[in-house]
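S.K.: What follows is a single structure, and I will ask about it in a moment.
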Amino acid sequence: MKFTINKSQIVSVLAKIQGLAGRRSNLAITENILIRSGNEGVHLTATDLETGFEGFYGAVVDTEGAIAVSAKKLYEILREFPSDDIVINEIENRWIEIGSGKIQYHIVGMNPDDFPETPHITEVNFFSIDASVLEKMIERATIISAAGDEKRAHINGVFVERIKTEDICCFRFVSTDGSRLNSVDHQFDMSQTIDAGEGVLVPKKGLNEVAKFLDIEGDVQVGIKDSNFVVQKEAETIIIRMLEGEFPKYDDILKKGTVHLIELDKVKFSKMLKRMSILATDNYKGAVFNFDENKLVVTATNPDYGESKEEMEIEFSGDVIEAAFNPKFFLDTLSVIEDDNIILNIVDGNHPCIIEGDGDKTFTSVIMPMRI
């Protein structure tokens with residue numbers, strides 16, 4: 001195997017697959033990237049056994065072949081290489097020579113036959129979605145991260161739905177960690193071709209890998225086939241093996257009341273919550289929110305450090321509401337809302353608080369109260 005490739009074509013790709021290759025799996029070879037040179041270019045393949053990536057890139061190929069090589073070391077070498085055109089040559093005993101002019105590296109490769117096969121999905125009914133829209137949906141859904149040792153599928157995954165009725169054509173992501181829930185919608189034009197189907201659970205880790213490849217203009221193709229979630233763009237494909245498990249019924253959680261709709265300046269509210277989080281620790285995460293006549297008072301107490309209290313003017317009337325929430329959950333939500341003002345929908349201290357932007361209704365966040 002011998003080929004010459006432009007540095008700009010391959011380095012950015014290698015940077016994006018470091019998360020896949022750097023993730024521990026049962027096979028050491030998954031720390032490698034599989035390189036196959038063929039007609040007019042090279043195929044790159046990476047996997048963590050849950051998410052697989054394949055891409056094809058133009059190159060001048062002198063000799064066809066295949067090799068598996070450390071994704072991390074190859075990226076570090078090519079990133080620092082001074083010339084634009086880089087020659088990669090398999091010499092003998094699976095050693096790879098990387099060189100141009102006065103600079104040469106020799107690194108050992110592995111048997112390409114030992115690299116796990118990625119599924120070849122055919123006859124997928126794809127639909128198109130703007131790359132920036134999909135990237136934003138992933139960001140809003142995966143901001144609720146899963147605990148490292150959590151085994152429950154609905155915590156580790158994002159529930160993905162394709163909804164098409166006479167009145168609506170919608171692509172929806174829903175995620176939860178048991179203490180909060182985010183729902184993200186993208187409304188398609190009714191003429192858009194999108195097949196409705198049962199909701200599926202897609203691993204958050206895999207969606208985060210997809211997001212790295214959405215820094216483009218234009219559309220990408222999304223499809224669901226068998227037990228795989230597939231995203232294609234240009235000459236690159238990412239295939240994620242879906243999770244098995246049930247996602248909890250969430251419709252009732254998203255139902256909004258009409259008793260208290262409180263509009264707040266997003267920036268001011270965010271700064272207030274950051275100040276109220278300074279004394280927080282793993283053992284003392286909560287703060288008490290007191291909604292009173294035209295004011296909101298937030299109090300945080302930590303026996304190890306002390307307490308803090310801040311008041312904000314709001315439009316509120318009626319019975320006093322006292323509820324405890326984790327301010328970090330609000331801050332996470334506010335970080336992905338683009339509107340200047342937000343709407344808090346709250347009933348009382350025992351029901352969840354629903355948060356939306358005052359204009360954009362495609363994103364809804366629900367935060368459960370804590371025990372006072």
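S.K.: Run the dipole for the chain about the Cα centre, Lys and Arg Cβ at +1, Asp and Glu Cβ at -1, nothing else charged, and hand back the magnitude in debye, nearest 20.
M.R.: 960
S.K.: Within the range 273-305, which residues have the backbone N less than 15 Å from the label spot 7 Å out from Ile372 along Cα→beta-carbon, could you tell me?
M.R.: Flagged as within label range: 286-293, 296-301.
S.K.: Also, quick follow-up: Hey, what number do you get for the chain at 222 nm if only DSSP H runs of n ≥ 4 count, each worth -39500 (n - 2.57), divided across all residues, to the nearest 500?
M.R.: Rounded to the nearest 500, the figure is -5000 deg cm²/dmol.
S.K.: Just Asp215, Asp252, Asp332 to compare: in a GNM of the chain, with alpha carbon springs under 10 Å, which one fluctuates most?
M.R.: Between Asp215, Asp252, Asp332, it is Asp252 that shows the largest mean-square fluctuation.
S.K.: Send over the per residue convex hull volume for the range 126-251, Cα only, as a whole number of Å³.
M.R.: Each residue corresponds to 105 Å³ of Cα convex hull volume.
S.K.: Also, I was wondering about something else. Work out how much length Val133 to Leu261 would gain on full extension: take 0.36 nm times their residue separation and subtract the Cα-Cα distance, in nm to one decimal.
M.R.: 43.3 nm
S.K.: Rg/Rh for the chain to two decimals, with Rh computed the Kirkwood way over all alpha-carbon pairs.
M.R.: We get a ratio of 1.06 for the chain.
S.K.: At a probe size of 1.4 Å, how large is the accessible area of His43, to the nearest 10 Å²?
M.R.: Surface open to solvent at His43 totals about 70 Å².
S.K.: Whole angstrom only: what separates the Cα centroid of the range 58-94 from the Cα centroid of the range 262-290?
M.R.: 50
S.K.: Give the separation of the Cα centroids, the range 340-356 to the range 296-336, in Å.
M.R.: Using only Cα atoms, the two centres lie 12 Å from each other.
S.K.: Compute the distance in nm between two label points, each set 7 Å from the Cα along the Cα-to-Cβ direction, one at Ser8 and one at Thr301.
M.R.: 6.1
S.K.: How high is the relative contact order of the chain? Use alpha-carbon pairs under 8 Å, at least six apart in sequence, and give a whole percent.
M.R.: This gives 13 percent for the chain.
S.K.: Relative to the compact globular guide of 2.2 N^0.38 Å, what is the alpha carbon radius of gyration of the range 2-114, as a ratio?
M.R.: 0.98
S.K.: Got the relative contact order for the range 256-367 handy, in percent, Cα pairs under 8 Å and 6 or more residues apart?
M.R.: Relative contact order, the range 256-367: 30 percent.
S.K.: How long is the range 210-306 along each principal axis, judged by its Cα atoms, biggest number first, in Å?
M.R.: In descending order, the Cα extents are 55, 35, 33 Å.
S.K.: Which of the aspartates and glutamates could a cross-linker bridge to Lys225, judged by Cα under 12 Å and excluding same-chain residues fewer than eight apart?
M.R.: Within reach: Glu123, Asp195, Glu198.
S.K.: Once you list every other residue whose beta carbon is under 11 Å from the beta carbon of Asn125, what net charge do they have if Lys and Arg are +1 and Asp and Glu are -1?
M.R.: Within the 11 Å Cβ shell, the charges total 0.
S.K.: How high is the relative contact order of the range 63-162, given as a whole-number percent (alpha carbon pairs under 8 Å, six or more residues apart)?
M.R.: Relative contact order for the range 63-162 comes out at 18 percent.
S.K.: Another question, then. Which length gain, in nm to one decimal place, applies between Asn39 and Val124 when the Cα-Cα distance is subtracted from 0.36 nm times their residue separation?
M.R.: Length gained, Asn39 through Val124: 28.0 nm.
S.K.: Let me ask something else about it. Rank by packing, highest mean first: peptides 13-22, 112-121, with packing defined as the count of other Cβ atoms within 10 Å averaged across residues.
M.R.: In decreasing order of mean packing, 13-22, 112-121 become 13-22, 112-121.
S.K.: Let me ask something additional. Work through the residues other than Cys170 whose Cβ is under 14 Å from its Cβ and net out their charges, Lys, Arg +1 and Asp, Glu -1.
M.R.: Its environment carries a net charge of -3.
S.K.: Based only on Cα atoms, what Rg/Rh ratio does the range 256-367 have, Rh being taken as Kirkwood's radius?
M.R.: My calculation of the ratio gives 0.94.
S.K.: Right, here's the next one. Quick one: if the Förster radius is 35 Å, what FRET efficiency do Asp189 and Asn26 give, using the C-beta to C-beta distance and rounding to 0.05?
M.R.: With a Förster radius of 35 Å, E is 0.20.
S.K.: Could I ask something else about it? May I ask for the net charge around Leu78, where only other residues with Cβ less than 14 Å from the Cβ of Leu78 are counted and Lys, Arg are +1 while Asp, Glu are -1?
M.R.: Spelling it out: positives minus negatives among the neighbours equals 0.
The values are calculated or read from the model by the stated rules, or taken from the named source; none is laboratory data. Note that the coordinates shown come from a computational prediction; the quantities given were computed from them, not determined experimentally. Don't worry about glycine lacking a Cβ; one is built from the backbone with ideal geometry, like all the others, and counts go over all protein chains shown. To get the accessible areas, we keep the full protein, side chains included, count just its heavy atoms, and leave off ligands, DNA and RNA. Shrake-Rupley method; radii C 1.70, N 1.55, O 1.52, S 1.80 Å.
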